[in-house]
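Values in this text are rule-based calculations from the coordinates and carry no lab data. Small disclaimer: the values here were computed from a predicted structure and weren't measured. A quick note on method: Cβ atoms are made from the backbone with ideal geometry, for glycine too, and the neighbour counts reach across all protein chains shown.
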Amino acid sequence: MAVYKIVEIGTPVLREKALEVKEVTPNIKKLLDNMRDTMYAADGVGLAAPQIGVSKRVIVVDAGDGPLELINPVILEKQGEETDAEGCLSIPGVNGDVTRAAQVRVQGLNREGIMTEIKGEGLLARVLQHEIDHLEGVLFVDVASKTYKSK
């Protein structure tokens, strides 16, 4: 598999609404594999396709329980609220305090094109929301109550 260069803030694709995936093709499956490899190579817990310069609604996440892949993800339900520090592979050296839902229910296609649902809380909920924000052109610095240099 390939490890892609992660684009950084200032790259136009990070501010655009990503395009919906019409069909899960072998190229989309290869994209998922390469995104997963890129996320792990960068020591990340999530990666959205726009972060590698690809305007597609595709994310991969691993909040500690193994990789999850979603195509055209949508948040169906949010509950509670938590504020915590976040960083982003596309904004190196910066962290910020972001308030997000404590629990989410997300729906999207898996790599086989089957609609699947993921319920997440804690870190998984945070990562899902962060990556889905990327698909809308929203970066964590846009929603952070404060930002600061990471240590």
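Between ILE9 and ALA85, the distance separating the two model label sites (each 7 Å from Cα on the Cα→Cβ line) works out to 1.6 nm.
Listed highest first by mean packing, meaning other Cβ atoms within 10 Å per residue, what order do 93-105, 2-14 come in?
On the way: 93-105: 17.5, 2-14: 14.5.
Result, highest mean Cβ count within 10 Å first: 93-105, 2-14.
So, R0 is 30 Å and r is the distance between the beta-carbons of ASP37 and VAL74; what FRET efficiency does that work out to, to 0.05? So, using R0 = 30 Å, E works out to roughly 0.75.
Calculate one ³J(HN,Hα) per residue across segment 14-23 by plugging θ = phi - 60° into the Karplus curve 6.51 cos²θ - 1.76 cosθ + 1.60, and present them in order as whole Hz with x for glycine and proline. Once θ is set to phi - 60°, the couplings for segment 14-23 become 6, 9, 9, 6, 5, 7, 5, 8, 7, 8 Hz.
With both labels modelled 7 Å from their Cα along Cα-to-Cβ, the SER145 to GLU112 distance reads 4.3 nm.
For segment 12-149, give the share of DSSP beta bridges that are antiparallel, in percent and rounded to the nearest 5; count only bridges with both residues there.
Values: 31 of 32 bridges.
Given both bridge residues lie in segment 12-149, the antiparallel proportion sits at roughly 95 percent.
Computed 3J(HN,Hα) for segment 101-110, one whole-Hz value per residue from the Karplus formula 6.51 cos²θ - 1.76 cosθ + 1.60 where θ = phi - 60°, is 4, 6, 9, 9, 10, 10, 10, x, 7, 8, glycine and proline marked x. Ranked by the mean number of other Cβ atoms within 10 Å of their residues, highest first, the peptides 106-119, 39-52 come out as 39-52, 106-119. GNM on the chain, alpha-carbon springs under 10 angstrom: the most fluctuating residue among ARG57, ARG36, ARG15 is ARG15.
Entry note, segment 6-99: relative contact order of 28 percent, from Cα contacts under 8 Å with a spacing of 6+ residues.
Look at [x] 47, 29, 9; [y] 22, 18, 14; [z] 37, 15, 13: the one that is semi-axes √(5λ) of the Cα gyration tensor in Å derived from this structure is [y].
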